[in-house]
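Notes follow the structure.
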Amino acid sequence: MKSEIYLDNSATTAVYPQVVELMSRIMLDDYGNPSSKHNKGVEAEHYVTQAKETLASILKCDKKEILFTSGGTESDNMALIGCAMANKRRGSHIITTMIEHPAVLETTVFLEKNGFEVTYLPVDSTGCVKLEALREALRPETILVSMMYANNEVSAVEPIAEAAQLVKAYNPEIIFHTDAVQAFGKYRIIPKKENIDLMSVSSHKLHGPKGVGFLYIKDKTKINPIIFGGGQQKGMRSGTENVPGIAGMALAAKLCYENFDEKIEKLYELKEYFVEKVLEIPGTTFNGKRGHEGTPHVISISFEDVRSEVLLHALEDKGIYVSSGSACSSNKPVLSGTLKAIGVKNNLLDSTIRFSLCTMNTREELDATIDALNELVPMLRRYTRH
Ligand code: PLP
(Lines give C-alpha, C1' and ligand atoms only; values in the text may rest on other atoms or scores of the structure.)
Protein backbone atom coordinates (compact mmCIF):
# COMPACT_ATOMS: atom_id res chain seq x y z
CA MET A 1 0.00 0.00 0.00
CA LYS A 2 1.21 3.51 -0.86
CA SER A 3 2.08 5.41 2.29
CA GLU A 4 0.44 8.80 2.75
CA ILE A 5 1.98 12.09 3.80
CA TYR A 6 -0.77 14.50 4.70
CA LEU A 7 0.35 18.13 4.61
CA ASP A 8 -3.06 19.78 4.09
CA ASN A 9 -4.04 20.34 7.71
CA SER A 10 -5.34 23.86 7.10
CA ALA A 11 -7.97 22.32 4.83
CA THR A 12 -8.96 19.72 7.38
CA THR A 13 -7.37 17.33 9.86
CA ALA A 14 -7.58 13.63 10.68
CA VAL A 15 -9.95 13.01 13.60
CA TYR A 16 -8.30 11.85 16.84
CA PRO A 17 -9.13 8.14 17.44
CA GLN A 18 -10.41 8.94 20.97
CA VAL A 19 -12.85 11.41 19.39
CA VAL A 20 -14.09 8.80 16.91
CA GLU A 21 -14.58 6.36 19.79
CA LEU A 22 -16.57 8.86 21.86
CA MET A 23 -18.71 9.90 18.89
CA SER A 24 -19.54 6.35 17.87
CA ARG A 25 -20.54 5.51 21.44
CA ILE A 26 -22.88 8.51 21.48
CA MET A 27 -24.36 7.62 18.09
CA LEU A 28 -24.89 3.97 18.99
CA ASP A 29 -26.00 4.26 22.62
CA ASP A 30 -26.64 7.83 23.75
CA TYR A 31 -28.52 9.01 20.69
CA GLY A 32 -31.26 10.97 22.46
CA ASN A 33 -32.46 14.45 21.50
CA PRO A 34 -31.21 16.93 24.13
CA SER A 35 -34.63 18.62 24.11
CA SER A 36 -36.48 15.39 25.09
CA LYS A 37 -37.77 15.24 28.65
CA HIS A 38 -36.94 11.57 29.26
CA ASN A 39 -33.67 10.03 30.40
CA LYS A 40 -32.29 9.59 26.91
CA GLY A 41 -32.71 13.32 26.33
CA VAL A 42 -31.20 14.26 29.68
CA GLU A 43 -28.22 12.03 28.91
CA ALA A 44 -27.71 13.76 25.54
CA GLU A 45 -28.11 17.20 27.11
CA HIS A 46 -25.41 16.24 29.57
CA TYR A 47 -22.90 15.79 26.72
CA VAL A 48 -23.76 19.26 25.39
CA THR A 49 -23.37 20.87 28.82
CA GLN A 50 -20.11 19.05 29.42
CA ALA A 51 -18.76 20.20 26.04
CA LYS A 52 -19.66 23.80 26.90
CA GLU A 53 -17.81 23.48 30.21
CA THR A 54 -14.69 22.07 28.51
CA LEU A 55 -14.59 24.85 25.90
CA ALA A 56 -15.40 27.55 28.46
CA SER A 57 -12.54 26.38 30.66
CA ILE A 58 -10.12 26.58 27.69
CA LEU A 59 -11.30 30.12 26.83
CA LYS A 60 -11.67 31.13 30.49
CA CYS A 61 -15.21 32.30 29.80
CA ASP A 62 -18.70 31.48 31.04
CA LYS A 63 -20.35 28.45 29.46
CA LYS A 64 -23.34 30.56 28.42
CA GLU A 65 -20.96 32.44 26.11
CA ILE A 66 -20.54 29.39 23.82
CA LEU A 67 -23.02 28.97 20.94
CA PHE A 68 -22.77 25.75 18.92
CA THR A 69 -22.98 26.07 15.14
CA SER A 70 -22.36 23.94 12.06
CA GLY A 71 -18.77 25.21 11.72
CA GLY A 72 -16.60 28.17 10.84
CA THR A 73 -18.76 29.37 7.96
CA GLU A 74 -21.94 29.54 10.02
CA SER A 75 -20.12 31.16 12.95
CA ASP A 76 -18.77 33.88 10.64
CA ASN A 77 -22.19 34.40 9.02
CA MET A 78 -23.86 34.63 12.41
CA ALA A 79 -21.23 37.05 13.74
CA LEU A 80 -21.53 39.42 10.78
CA ILE A 81 -25.20 39.21 9.83
CA GLY A 82 -26.38 38.77 13.41
CA CYS A 83 -24.44 41.84 14.49
CA ALA A 84 -25.39 43.95 11.50
CA MET A 85 -29.09 43.24 12.09
CA ALA A 86 -28.94 43.89 15.84
CA ASN A 87 -26.98 47.15 15.53
CA LYS A 88 -28.25 48.76 12.34
CA ARG A 89 -29.91 51.62 14.20
CA ARG A 90 -26.50 52.60 15.54
CA GLY A 91 -24.83 52.67 12.13
CA SER A 92 -24.20 50.83 8.90
CA HIS A 93 -20.40 50.77 8.59
CA ILE A 94 -18.37 47.56 8.94
CA ILE A 95 -14.59 47.12 8.77
CA THR A 96 -12.83 43.92 7.73
CA THR A 97 -9.61 42.98 5.92
CA MET A 98 -8.71 42.05 2.36
CA ILE A 99 -7.39 38.62 3.39
CA GLU A 100 -10.40 37.13 5.17
CA HIS A 101 -11.79 33.72 4.29
CA PRO A 102 -14.78 33.75 1.88
CA ALA A 103 -16.99 32.89 4.89
CA VAL A 104 -16.43 36.52 5.92
CA LEU A 105 -15.86 38.18 2.53
CA GLU A 106 -18.94 36.69 0.84
CA THR A 107 -20.99 37.68 3.89
CA THR A 108 -19.80 41.29 3.69
CA VAL A 109 -20.74 41.31 -0.01
CA PHE A 110 -24.24 40.17 1.03
CA LEU A 111 -24.36 42.93 3.65
CA GLU A 112 -23.22 45.54 1.09
CA LYS A 113 -26.15 44.50 -1.12
CA ASN A 114 -28.37 45.09 1.90
CA GLY A 115 -27.38 48.65 2.63
CA PHE A 116 -24.22 48.30 4.72
CA GLU A 117 -20.94 49.94 3.82
CA VAL A 118 -17.78 47.88 4.21
CA THR A 119 -14.13 49.00 4.41
CA TYR A 120 -11.54 46.36 3.46
CA LEU A 121 -8.23 46.99 5.20
CA PRO A 122 -5.02 46.34 3.27
CA VAL A 123 -2.17 44.21 4.62
CA ASP A 124 1.61 44.43 4.32
CA SER A 125 3.78 42.03 2.32
CA THR A 126 3.71 39.48 5.15
CA GLY A 127 -0.08 39.48 5.48
CA CYS A 128 -0.24 41.73 8.54
CA VAL A 129 -2.98 44.36 8.86
CA LYS A 130 -1.64 47.85 9.39
CA LEU A 131 -3.10 49.29 12.59
CA GLU A 132 -2.77 52.77 11.14
CA ALA A 133 -5.22 51.81 8.39
CA LEU A 134 -7.66 50.51 11.01
CA ARG A 135 -7.39 53.74 12.99
CA GLU A 136 -8.14 55.79 9.88
CA ALA A 137 -11.10 53.59 8.88
CA LEU A 138 -12.99 53.95 12.18
CA ARG A 139 -16.03 56.26 11.99
CA PRO A 140 -18.86 57.31 14.30
CA GLU A 141 -21.20 54.99 12.34
CA THR A 142 -18.91 51.91 12.56
CA ILE A 143 -20.73 49.05 14.30
CA LEU A 144 -18.46 46.05 13.72
CA VAL A 145 -14.82 45.16 13.02
CA SER A 146 -14.06 41.65 11.79
CA MET A 147 -10.39 40.67 11.60
CA MET A 148 -9.11 37.10 11.27
CA TYR A 149 -6.78 35.84 13.98
CA ALA A 150 -4.56 33.77 11.69
CA ASN A 151 -4.65 33.47 7.93
CA ASN A 152 -5.49 30.22 6.16
CA GLU A 153 -3.25 30.67 3.12
CA VAL A 154 -0.03 32.22 4.37
CA SER A 155 1.79 32.15 7.68
CA ALA A 156 0.35 35.38 9.11
CA VAL A 157 -1.07 36.18 12.51
CA GLU A 158 -2.86 39.47 13.07
CA PRO A 159 -2.31 41.90 15.98
CA ILE A 160 -5.74 41.10 17.41
CA ALA A 161 -5.30 42.38 20.97
CA GLU A 162 -3.85 45.70 19.74
CA ALA A 163 -6.52 46.08 17.06
CA ALA A 164 -9.37 45.34 19.48
CA GLN A 165 -7.94 47.75 22.04
CA LEU A 166 -7.70 50.47 19.42
CA VAL A 167 -11.31 49.87 18.37
CA LYS A 168 -12.61 49.89 21.96
CA ALA A 169 -10.68 53.07 22.77
CA TYR A 170 -12.38 54.74 19.80
CA ASN A 171 -15.84 53.50 20.75
CA PRO A 172 -16.49 50.66 23.24
CA GLU A 173 -19.82 49.94 21.53
CA ILE A 174 -18.16 48.74 18.31
CA ILE A 175 -18.27 44.94 18.27
CA PHE A 176 -14.97 43.16 17.61
CA HIS A 177 -15.15 39.79 15.85
CA THR A 178 -12.29 37.48 14.99
CA ASP A 179 -12.33 34.42 12.74
CA ALA A 180 -10.10 32.13 14.80
CA VAL A 181 -10.70 29.02 12.68
CA GLN A 182 -6.96 28.69 11.90
CA ALA A 183 -5.84 29.93 15.32
CA PHE A 184 -7.84 28.07 17.98
CA GLY A 185 -5.76 25.04 18.95
CA LYS A 186 -2.55 26.81 17.84
CA TYR A 187 -2.69 29.76 20.26
CA ARG A 188 -3.94 30.13 23.82
CA ILE A 189 -6.72 32.61 23.20
CA ILE A 190 -8.49 34.23 26.15
CA PRO A 191 -11.10 36.43 24.44
CA LYS A 192 -11.69 38.69 27.46
CA LYS A 193 -7.96 39.44 27.75
CA GLU A 194 -7.84 40.46 24.09
CA ASN A 195 -11.10 42.49 24.03
CA ILE A 196 -12.73 40.03 21.63
CA ASP A 197 -16.55 40.11 21.61
CA LEU A 198 -17.16 37.37 19.04
CA MET A 199 -14.91 34.53 17.93
CA SER A 200 -15.51 31.83 15.30
CA VAL A 201 -14.10 28.33 15.72
CA SER A 202 -14.38 25.20 13.58
CA SER A 203 -13.92 21.66 14.90
CA HIS A 204 -12.44 19.97 11.82
CA LYS A 205 -9.27 22.06 11.93
CA LEU A 206 -8.35 20.63 15.35
CA HIS A 207 -8.75 16.90 14.79
CA GLY A 208 -12.48 17.02 15.54
CA PRO A 209 -15.38 16.10 13.24
CA LYS A 210 -16.59 18.21 10.30
CA GLY A 211 -19.84 20.19 10.32
CA VAL A 212 -19.59 21.53 13.84
CA GLY A 213 -18.08 24.59 15.45
CA PHE A 214 -18.96 27.39 17.82
CA LEU A 215 -19.22 31.12 18.14
CA TYR A 216 -17.93 32.66 21.35
CA ILE A 217 -20.34 35.49 22.21
CA LYS A 218 -19.26 37.73 25.06
CA ASP A 219 -22.09 38.24 27.52
CA LYS A 220 -24.34 41.20 26.63
CA THR A 221 -23.06 41.51 23.04
CA LYS A 222 -25.87 42.76 20.81
CA ILE A 223 -26.42 40.03 18.22
CA ASN A 224 -29.50 38.51 16.59
CA PRO A 225 -30.06 34.88 15.58
CA ILE A 226 -29.90 34.05 11.87
CA ILE A 227 -31.45 30.56 12.06
CA PHE A 228 -35.02 30.20 13.31
CA GLY A 229 -37.08 27.23 14.40
CA GLY A 230 -37.56 25.22 17.55
CA GLY A 231 -35.80 27.68 19.82
CA GLN A 232 -32.85 25.50 20.86
CA GLN A 233 -29.83 27.20 22.48
CA LYS A 234 -32.14 29.79 24.08
CA GLY A 235 -33.48 30.77 20.66
CA MET A 236 -30.07 31.95 19.44
CA ARG A 237 -29.54 29.01 17.08
CA SER A 238 -32.49 26.76 16.40
CA GLY A 239 -31.97 23.19 15.28
CA THR A 240 -31.37 19.99 17.21
CA GLU A 241 -27.85 20.11 18.59
CA ASN A 242 -25.29 17.88 16.83
CA VAL A 243 -24.57 15.99 20.05
CA PRO A 244 -21.84 13.60 18.80
CA GLY A 245 -20.19 16.44 16.88
CA ILE A 246 -20.31 18.83 19.82
CA ALA A 247 -18.93 16.24 22.26
CA GLY A 248 -16.28 15.21 19.71
CA MET A 249 -15.22 18.82 19.13
CA ALA A 250 -14.85 19.50 22.86
CA LEU A 251 -12.74 16.36 23.37
CA ALA A 252 -10.57 17.28 20.36
CA ALA A 253 -10.06 20.78 21.79
CA LYS A 254 -9.13 19.34 25.18
CA LEU A 255 -6.59 17.01 23.56
CA CYS A 256 -5.16 19.86 21.44
CA TYR A 257 -4.41 21.89 24.55
CA GLU A 258 -2.71 19.01 26.40
CA ASN A 259 1.12 19.38 26.42
CA PHE A 260 0.36 22.42 24.33
CA ASP A 261 3.62 24.40 24.48
CA GLU A 262 5.69 21.34 23.68
CA LYS A 263 3.54 20.42 20.69
CA ILE A 264 3.49 23.94 19.25
CA GLU A 265 7.25 24.26 19.67
CA LYS A 266 7.66 21.02 17.74
CA LEU A 267 5.46 22.43 14.97
CA TYR A 268 7.60 25.56 14.72
CA GLU A 269 10.72 23.42 14.51
CA LEU A 270 9.20 21.33 11.73
CA LYS A 271 8.07 24.47 9.89
CA GLU A 272 11.51 26.10 9.95
CA TYR A 273 13.30 22.86 9.07
CA PHE A 274 11.06 22.40 6.03
CA VAL A 275 11.13 26.02 4.88
CA GLU A 276 14.92 26.18 5.00
CA LYS A 277 15.33 23.03 2.92
CA VAL A 278 12.70 24.01 0.34
CA LEU A 279 14.16 27.48 -0.10
CA GLU A 280 17.44 25.81 -1.14
CA ILE A 281 15.64 24.96 -4.39
CA PRO A 282 16.38 27.88 -6.79
CA GLY A 283 13.43 30.12 -7.76
CA THR A 284 11.41 29.66 -4.56
CA THR A 285 9.93 32.30 -2.26
CA PHE A 286 8.26 32.01 1.12
CA ASN A 287 5.01 33.96 1.65
CA GLY A 288 4.09 35.24 5.09
CA LYS A 289 6.14 35.36 8.27
CA ARG A 290 8.99 33.03 9.16
CA GLY A 291 9.45 31.43 12.57
CA HIS A 292 7.43 32.41 15.63
CA GLU A 293 6.25 35.63 14.02
CA GLY A 294 3.99 33.58 11.77
CA THR A 295 1.62 30.71 12.45
CA PRO A 296 3.21 27.38 13.35
CA HIS A 297 1.42 25.29 10.73
CA VAL A 298 0.97 27.18 7.42
CA ILE A 299 3.79 27.23 4.87
CA SER A 300 3.15 29.00 1.57
CA ILE A 301 5.88 28.73 -1.04
CA SER A 302 5.92 30.01 -4.62
CA PHE A 303 7.80 27.93 -7.19
CA GLU A 304 8.79 30.03 -10.19
CA ASP A 305 7.78 28.54 -13.56
CA VAL A 306 5.81 25.67 -12.05
CA ARG A 307 2.01 25.52 -12.22
CA SER A 308 0.77 24.84 -8.72
CA GLU A 309 -1.91 22.42 -9.83
CA VAL A 310 0.57 20.34 -11.82
CA LEU A 311 2.94 20.18 -8.85
CA LEU A 312 0.04 19.36 -6.52
CA HIS A 313 -0.90 16.33 -8.63
CA ALA A 314 2.71 15.25 -9.14
CA LEU A 315 3.12 15.24 -5.34
CA GLU A 316 -0.18 13.41 -5.00
CA ASP A 317 1.20 10.64 -7.27
CA LYS A 318 3.86 10.16 -4.60
CA GLY A 319 1.23 10.05 -1.83
CA ILE A 320 1.90 13.60 -0.63
CA TYR A 321 -1.16 15.80 -0.11
CA VAL A 322 -0.87 19.59 -0.28
CA SER A 323 -3.00 22.45 -1.49
CA SER A 324 -2.82 25.20 -4.08
CA GLY A 325 -4.20 28.30 -2.36
CA SER A 326 -7.02 27.74 0.09
CA ALA A 327 -8.68 24.34 -0.17
CA CYS A 328 -11.93 25.65 1.26
CA SER A 329 -12.35 27.89 -1.77
CA SER A 330 -10.16 26.19 -4.31
CA ASN A 331 -13.01 24.53 -6.15
CA LYS A 332 -13.42 27.95 -7.74
CA PRO A 333 -10.84 28.59 -10.46
CA VAL A 334 -9.86 32.01 -9.12
CA LEU A 335 -6.45 33.28 -8.09
CA SER A 336 -5.99 33.84 -4.39
CA GLY A 337 -7.09 37.23 -3.08
CA THR A 338 -4.75 36.84 -0.11
CA LEU A 339 -1.67 36.26 -2.27
CA LYS A 340 -2.63 39.28 -4.39
CA ALA A 341 -3.20 41.40 -1.28
CA ILE A 342 0.29 40.64 0.08
CA GLY A 343 1.80 41.57 -3.28
CA VAL A 344 2.83 38.18 -4.67
CA LYS A 345 3.89 38.81 -8.28
CA ASN A 346 1.32 37.93 -10.95
CA ASN A 347 3.50 35.19 -12.44
CA LEU A 348 3.68 33.46 -9.05
CA LEU A 349 -0.01 33.57 -8.12
CA ASP A 350 -0.62 30.36 -9.98
CA SER A 351 2.69 28.84 -8.82
CA THR A 352 2.10 28.76 -5.07
CA ILE A 353 1.66 25.71 -2.87
CA ARG A 354 0.38 25.63 0.69
CA PHE A 355 1.86 22.95 2.91
CA SER A 356 0.09 22.84 6.26
CA LEU A 357 1.31 20.80 9.18
CA CYS A 358 -0.13 19.18 12.27
CA THR A 359 1.56 17.90 15.40
CA MET A 360 1.40 14.35 14.05
CA ASN A 361 3.68 15.11 11.10
CA THR A 362 7.26 13.88 11.38
CA ARG A 363 10.66 15.02 10.16
CA GLU A 364 10.84 11.85 8.02
CA GLU A 365 7.66 12.87 6.21
CA LEU A 366 9.10 16.31 5.55
CA ASP A 367 12.37 14.80 4.30
CA ALA A 368 10.43 12.65 1.84
CA THR A 369 8.51 15.74 0.66
CA ILE A 370 11.74 17.71 0.23
CA ASP A 371 13.21 14.85 -1.85
CA ALA A 372 10.07 14.80 -3.99
CA LEU A 373 10.22 18.57 -4.55
CA ASN A 374 13.92 18.38 -5.46
CA GLU A 375 13.05 15.82 -8.10
CA LEU A 376 9.78 17.30 -9.42
CA VAL A 377 10.39 21.05 -9.51
CA PRO A 378 13.35 21.01 -11.98
CA MET A 379 11.55 18.41 -14.10
CA LEU A 380 8.30 20.42 -14.32
CA ARG A 381 10.28 23.58 -15.09
CA ARG A 382 11.83 21.90 -18.13
CA TYR A 383 8.29 21.49 -19.55
CA THR A 384 7.19 25.04 -18.67
CA ARG A 385 10.32 26.68 -20.03
CA HIS A 386 10.17 24.85 -23.37
N1 PLP B 1 -12.45 30.67 8.25
C2 PLP B 1 -11.21 30.24 7.98
C3 PLP B 1 -10.04 31.12 8.29
C4 PLP B 1 -10.99 28.98 7.41
O5 PLP B 1 -9.76 28.55 7.14
C6 PLP B 1 -12.13 28.17 7.13
C7 PLP B 1 -11.95 26.86 6.47
O8 PLP B 1 -10.89 26.59 5.93
C9 PLP B 1 -13.41 28.65 7.46
C10 PLP B 1 -13.52 29.91 8.01
C11 PLP B 1 -14.64 27.83 7.22
O12 PLP B 1 -14.80 26.85 8.22
P13 PLP B 1 -15.75 25.59 7.99
O14 PLP B 1 -15.05 24.71 6.99
O15 PLP B 1 -15.85 24.95 9.33
O16 PLP B 1 -17.05 26.11 7.52
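The values are calculated or read from the model by the stated rules, or taken from the named source; none is laboratory data. In this text, all values refer to a predicted model and were calculated from it rather than measured experimentally. All Cβ positions, even for glycine, are placed from backbone atoms using ideal geometry, and neighbour counts span all protein chains on display. Accessible surface areas use protein heavy atoms only, side chains included; no ligands, DNA or RNA. Shrake-Rupley method; radii C 1.70, N 1.55, O 1.52, S 1.80 Å.
Taking the criterion of being within 21 Å of residue 265 (Cα to Cα) and open to solvent by 20 Å² or more (accessible area, probe 1.4 Å), the residues of the range 154-169 that qualify are 157, 159.
Among the residues making up the range 139-169, a single one is assigned to a strand (DSSP E or B), under 29 Å from residue 13 (Cβ atoms) and touching a Gly at 6+ places or on another chain (Cβ under 6 Å): 155.
Only one of the numbered conditions (1) closer than 24 Å to residue 255 by Cβ; (2) touching a residue at least 40 places away in the same chain (Cβ under 8 Å); (3) more than 12 Å from the ligand (Cβ to nearest atom) is violated by residue 194, and that is (2). For the range 62-105, filtered to residues that are surrounded by 21 or more Cβ atoms within 10 Å (Cβ to Cβ) and assigned to a strand (DSSP E or B), the residue that is nearest to the ligand (Cβ to nearest atom) is 69. Pairs are defined by a Cβ separation below 8 Å, a sequence spacing of at least 6 or placement on different chains, a first member in the range 120-140 that is more than 19 Å from residue 287 (Cβ to Cβ), and a second member that is of a type in the set (Asp, Glu) and surrounded by 14 or more Cβ atoms within 10 Å (Cβ to Cβ); the pairs so defined are 131/162.
Looking at 108, 119, 126, just one residue is in a helix (DSSP H, G or I), polar (S, T, N, Q) and under 23 Å from the mean Cα position of the chain (by Cα), and that residue is 108. For the range 36-46, the criterion of a residue being among the β-branched types (Val, Ile, Thr) and in contact with a helix residue (DSSP H, G or I) (Cβ under 8 Å, 6 or more places away or on another chain) is satisfied by no position. As a summary of the residue check, residue 57 satisfies the conditions (1) touching a residue at least 24 places away in the same chain (Cβ under 8 Å); (2) under 19 Å from residue 196 (Cα atoms); (3) open to solvent by 10 Å² or more (accessible area, probe 1.4 Å) except for the one numbered (1). Regarding the range 127-144, can at least one residue be identified that is within 16 Å of the ligand (Cβ to nearest atom), open to solvent by less than 30 Å² (accessible area, probe 1.4 Å) and closer than 17 Å to residue 117 by Cα? There is no residue in the range 127-144 that is within 16 Å of the ligand (Cβ to nearest atom), open to solvent by less than 30 Å² (accessible area, probe 1.4 Å) and closer than 17 Å to residue 117 by Cα. Of all residues in the range 280-307, those that are of a type in the set (Gly, Ala, Ser), within 19 Å of residue 359 (Cα to Cα) and surrounded by 14 or more Cβ atoms within 10 Å (Cβ to Cβ) total 2. Collect the residues in the range 353-379 that are over 19 Å from residue 265 (Cα atoms) and open to solvent by less than 20 Å² (accessible area, probe 1.4 Å), keeping them in residue-number order. If the condition is that a residue be over 19 Å from residue 265 (Cα atoms) and open to solvent by less than 20 Å² (accessible area, probe 1.4 Å), then 353, 354, 369, 370, 372, 373, 376, 377 are the ones that fit. In the set (1) closer than 19 Å to residue 178 by Cβ; (2) open to solvent by less than 60 Å² (accessible area, probe 1.4 Å); (3) touching a residue at least 60 places away in the same chain (Cβ under 8 Å); (4) not small (Gly, Ala, Ser), the condition left unmet by residue 48 is number (1).
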